[in-house]
Amino acid sequence: MAALGSWALWSSCSRGRSRAVLGCRLPGLRSSSPRSPLGARLLSQEKEATETHFGFETVSEEEKGGKVYQVFESVAKKYDVMNDMMSLGIHRVWKDLLLWKMRPFPGTQLLDVAGGTGDIAFRFLNYVQAQHQRKQKKQLRAQQNLSWEEIARKYQNEEDSLGGSRVMVCDINKEMLKIGKQKAHAQGYKAGLAWILGDAEELPFDDDKFDVYTIAFGIRNVTHIDQALREAHRVLKPGGRFLCLEFSQVNNPLVSRLYDVYSFQVIPVLGEVIAGDWKSYQYLVESIRQFPSQEEFKEMIEDAGFQKVTYENLTSGIVAIHSGFKL
């Protein structure tokens, strides 16, 4: 129960910018006060106003952050609906495959970055709860001498249905987190779940804290992907695993042509009709084309310090799951 209490505290203290919460030092969160060495380092490492891409548009790095924020602030309420429409529901299978590849063990501490609407977090909670229940039933079957009263008492005394597993959802966008919290409340997710407002490039967590780091369809929107990867490596425990689900480069010429037509001619129209936002979905399509290839991204993950880096193409390379370990 102490663990649950500390996570509840994290959740309650995350109403402001988690990197600058005053008077609320959370367990496992890094202090970024200007008076601290970390704060001084962060202030001394302000990003230069160099150029980068926002879709096919060239913008300053500082400008890109604001533009991406506006995109997800705009699409937050229709985000899940549009995911279903754009992928014809296949995104659900891709996310299921990410969990099956993760295979979290009892007690796994997961950090899901850019996970605002909770899709990965909820799947994780379902997975570990089902796993814990199977383990519990197996133990009870092995104890044939127990009476039914003793068996019932064991179920009643079960305080943690997740076997100690926890998930922290971290997202830079308040609107996306708001939608995720609403979904969690509506679907009954409470235990083992916390929400933090935070930047993938400057994660507000201590070193060596999580067993698994996931980011699904989020890393291509980060201004400095290399910095986000280094942060992922920093917050993972030794032996921890990095998993990224992201759009990639299609490896079938015919599928590639059809995919381009669908992406540029259909998806922005769906965005306008369903979400009333053509420009945001035009950006999302363009951002996919600007993201590194599978091999290039693999090298970036290795450069961040990860080992045993692999990737698996799904649906002819429309998306890929990238995996690496902190060893």
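The values are calculated or read from the model by the stated rules, or taken from the named source; none is laboratory data. No experiment lies behind these values; they were computed from the predicted model shown. All Cβ positions, even for glycine, are placed from backbone atoms using ideal geometry, and neighbour counts span all protein chains on display. Heads up: the accessible areas ignore ligands, DNA and RNA and are worked out on the full protein's heavy atoms, side chains in. Shrake-Rupley method; radii C 1.70, N 1.55, O 1.52, S 1.80 Å.
Just to be sure, is Gly192 touching a residue at least 60 places away in the same chain (Cβ under 8 Å) and farther than 24 Å from Val68 by Cβ?
Values: touching a residue at least 60 places away in the same chain (Cβ under 8 Å): yes; farther than 24 Å from Val68 by Cβ: yes.
Considered against the rule, which asks whether it is touching a residue at least 60 places away in the same chain (Cβ under 8 Å) and farther than 24 Å from Val68 by Cβ, Gly192 comes out as yes.
Quick grid of which residues meet (1) open to solvent by less than 20 Å² (accessible area, probe 1.4 Å); (2) hydrophobic (A, V, I, L, M, F, W, C); (3) in contact with a Ser or Thr (Cβ under 6 Å, 6 or more places away or on another chain):
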position: Asp171; (1), (2), (3): yes, no, no
position: Ala186; (1), (2), (3): no, yes, no
position: Ala194; (1), (2), (3): yes, yes, yes
position: Val235; (1), (2), (3): yes, yes, no
position: Ser248; (1), (2), (3): yes, no, no
position: Gln265; (1), (2), (3): no, no, no
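Criterion first (surrounded by fewer than 17 Cβ atoms within 10 Å (Cβ to Cβ) and either among the small types (Gly, Ala, Ser) or touching a Leu at 6+ places or on another chain (Cβ under 9 Å) (or both)) does Asp211 satisfy it?
Details: surrounded by fewer than 17 Cβ atoms within 10 Å (Cβ to Cβ): no; either among the small types (Gly, Ala, Ser) or touching a Leu at 6+ places or on another chain (Cβ under 9 Å) (or both): yes.
Here the answer is no, as Asp211 does not meet what is asked.
In the range 86-118, what residues are open to solvent by 40 Å² or more (accessible area, probe 1.4 Å) and farther than 22 Å from Ala320 by Cβ?
Those that are open to solvent by 40 Å² or more (accessible area, probe 1.4 Å) and farther than 22 Å from Ala320 by Cβ: Phe105, Pro106.
Looking at Arg134, Arg141, can you tell me which residue is within 24 Å of Val93 (Cα to Cα), modelled with pLDDT under 95 and open to solvent by 40 Å² or more (accessible area, probe 1.4 Å)?
Arg134
List, please: which pairs have Cβ atoms under 7 Å, are six or more places apart or on different chains, and start with a residue in the range 215-230 that is within 20 Å of Gln282 (Cβ to Cβ) and end with one that is among the polar types (S, T, N, Q) and open to solvent by 20 Å² or more (accessible area, probe 1.4 Å)?
Thr223/Thr52
Could you check the range 295-313 and list, in sequence order, the residues that are surrounded by fewer than 17 Cβ atoms within 10 Å (Cβ to Cβ) and either of a type in the set (D, E, K, R) or under 21 Å from His91 (Cβ atoms) (or both)?
Result: Glu295, Glu296, Glu299, Glu302, Asp303, Lys308, Glu312, Asn313.
Go through (1) closer than 25 Å to Thr52 by Cα; (2) surrounded by fewer than 20 Cβ atoms within 10 Å (Cβ to Cβ) and name the single condition Gly239 misses.
(1)
Please give the number of the condition Ala200 fails out of (1) touching a Phe, Trp or Tyr at 6+ places or on another chain (Cβ under 9 Å); (2) surrounded by 23 or more Cβ atoms within 10 Å (Cβ to Cβ); (3) of a type in the set (Gly, Ala, Ser); (4) on the phi < 0 side of the Ramachandran plot.
(1)
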